[in-house]
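What follows is a single structure, written as structure tokens, with notes after it.
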Amino acid sequence: MTQLSAKYWEQRYVDKNTGWDVGDVVPQWKAFFKDFTASDKGKRILVPGAGLGHEVEYLHRIGFQDVHILDWSISAIESFQQRLPTFPKAHCHVGDFFKHIGHYDMIVEQTFFCAIDPSLREQYVLAIDNLLAKDGKWAALLFNVQFDGEGPPFGGSIDKYIDLFRGVFKELVIDETPLSVDPRKGREVFMLGKK
């Protein structure tokens, strides 16, 4: 198993070995946030494992005021800050998701869950539970496929995701045909958990 450490992820960004990065926010997030109202735009949102932060940039540009980016890679966060100098520096967090402290109304996750070692998935669920406010929501695009090789990425299945998250969320909405980019069509699932 590859040691998935801060050093590992930093080196991936330094080497520009970031094949998961499609260079823009994916269509599913545009569709999901399209109907949010002005009052929603004050919600405190965390995007963990955000890498170059395309989702964060998109949310910032459409008027969300309290969005936070979190990644292990200093280079990824610095690249994001250079691309979007108007983004509040206090909302840029370099660090370990499992040690992050805060309370958020929503956690938006894209290619993060599939990048962590599957042995940490129960810890991930506990962290999500601790970071979300009382009526918080978790929105995620996850792989609904198994991969050959040792990963990352790591795959999964809807049934396993339901087993993992049903203890945290009173409602779990699953879209088996999200608006995926072409290389991921038919291999992703969109999930929305409501505490």
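Here, each number is a calculation from the coordinates, and none is a lab measurement. Only a predicted model underlies this, so the values are computations on that prediction, with no experimental measurement involved. For neighbour counting, all protein chains shown are included, and Cβ atoms are generated from backbone atoms with ideal geometry for every residue, glycine included.
A few comments on the model shown:
- Here the range 116-139 is scanned for amide nitrogen atoms under 20 Å from the site 7 Å beyond the Cα of residue 40 along Cα-to-Cβ, giving 132-139.
- Normalised by the number of residues in the chain, the mean separation of alpha-carbon contacts (under 8 Å, six or more apart) gives a relative contact order of 19 percent.
- The shape of the range 143-195 comes out oblate: with a ≥ b ≥ c from the C-alpha gyration tensor, a/c is at least 1.5 while a/b does not beat b/c.
- Taking label positions 7 Å along the Cα-Cβ direction at both residue 11 and residue 103, the computed distance is 4.0 nm, reported to one decimal.
- Under 5 Å between amide hydrogens, built in the peptide plane, is the criterion, and for residue 44 it picks out 105, 106 among residues at least 5 positions away or on other chains.
- For the listed peptides 128-141, 153-166, a ranking on the average number of other beta carbons within 10 Å per residue, highest first, reads 128-141, 153-166.
- Projected label points at residue 30 and residue 18, each 7 Å from Cα along the beta carbon direction, are separated by 2.0 nanometres.
- For the range 1-70 versus the range 89-163, the gap between their alpha-carbon centres in whole angstrom: 13
- Excluding exposed DSSP-loop GluC sites (Glu not before Pro) (at most 14 other C-beta within 10 Å), longest clean stretch of the chain: 1-149
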